[in-house]
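Student: One structure, pasted below without further comment.
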Amino acid sequence: MSMENVADTPEIDVRVIPHVQRHSIIFAALEALKPRQSFVVVSDHEPRPLHYQIQARFPGLFGWDYVEQGPDVWRVVISREETSGCECCCGS
């Protein structure tokens, strides 16, 4: 996905969120996504640990696409896949 394609996509800029609240805000946004919806996470560091947490908590449910990869800013589009295997908190 290009920067032009994400222009209208909701964005969570973690650079302005206190560190202790970042992942809880992102996980709440993930759980609110419907299939084919997405949002962008903007960070000042590589968000790979977040990606691992999402994969562990919601295997196969969310896509992860880098739009920008540093060195000062990372932008990642996180999208809810069309179908889900998650029946716990996200519905299907």
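Student: For segment 36-47, how many residues are modelled with pLDDT under 95 and within 15 Å of Y66 (Cβ to Cβ)?
Tutor: 0
Student: Does any residue in segment 41-60 that is at positive phi and in a loop (DSSP other than H, G, I, E, B) come within less than 9 Å, Cβ to Cβ, of a residue that is surrounded by 14 or more Cβ atoms within 10 Å (Cβ to Cβ) and modelled with pLDDT of 95 or more six or more places away or on a different chain, and which pairs are these?
Tutor: Taking only residues 6 or more apart or on different chains, not a single pair turns up.
Student: Restricting attention to segment 2-21, which residues are outside any strand (DSSP E or B), surrounded by 13 or more Cβ atoms within 10 Å (Cβ to Cβ) and either modelled with pLDDT of 95 or more or at positive phi (or both)?
Tutor: The initial filter retains those residues of segment 2-21 that are outside any strand (DSSP E or B), namely 2-10, 14-21.
Narrowing the set further to residues that are surrounded by 13 or more Cβ atoms within 10 Å (Cβ to Cβ) leaves 6, 9, 14, 17.
Hits for segment 2-21 are V14, I17.
Student: Looking at L33, is it at pLDDT 95 or above, within 21 Å of E82 (Cβ to Cβ), surrounded by 15 or more Cβ atoms within 10 Å (Cβ to Cβ) and in contact with a Phe, Trp or Tyr (Cβ under 9 Å, 6 or more places away or on another chain)?
Tutor: yes
Student: Turning to a different aspect of this structure: For V42, only one of the following conditions fails: (1) closer than 21 Å to E82 by Cβ; (2) within 12 Å of the chain's Cα centre (by Cα). What is its number?
Tutor: If we test V42 against (1) closer than 21 Å to E82 by Cβ; (2) within 12 Å of the chain's Cα centre (by Cα), just (1) comes out false.
Student: OK, next. Which of (1) buried (at least 17 other Cβ atoms within 10 Å of the Cβ); (2) in a strand (DSSP E or B) does W64 not meet, given it meets every other one?
Tutor: Here W64 clears every test but (1).
The values are calculated or read from the model by the stated rules, or taken from the named source; none is laboratory data. Keep in mind that what you see is a predicted model, and the values were worked out from it rather than measured. All Cβ positions, glycine included, derive from the backbone under ideal geometry; neighbour counts span all protein chains shown.
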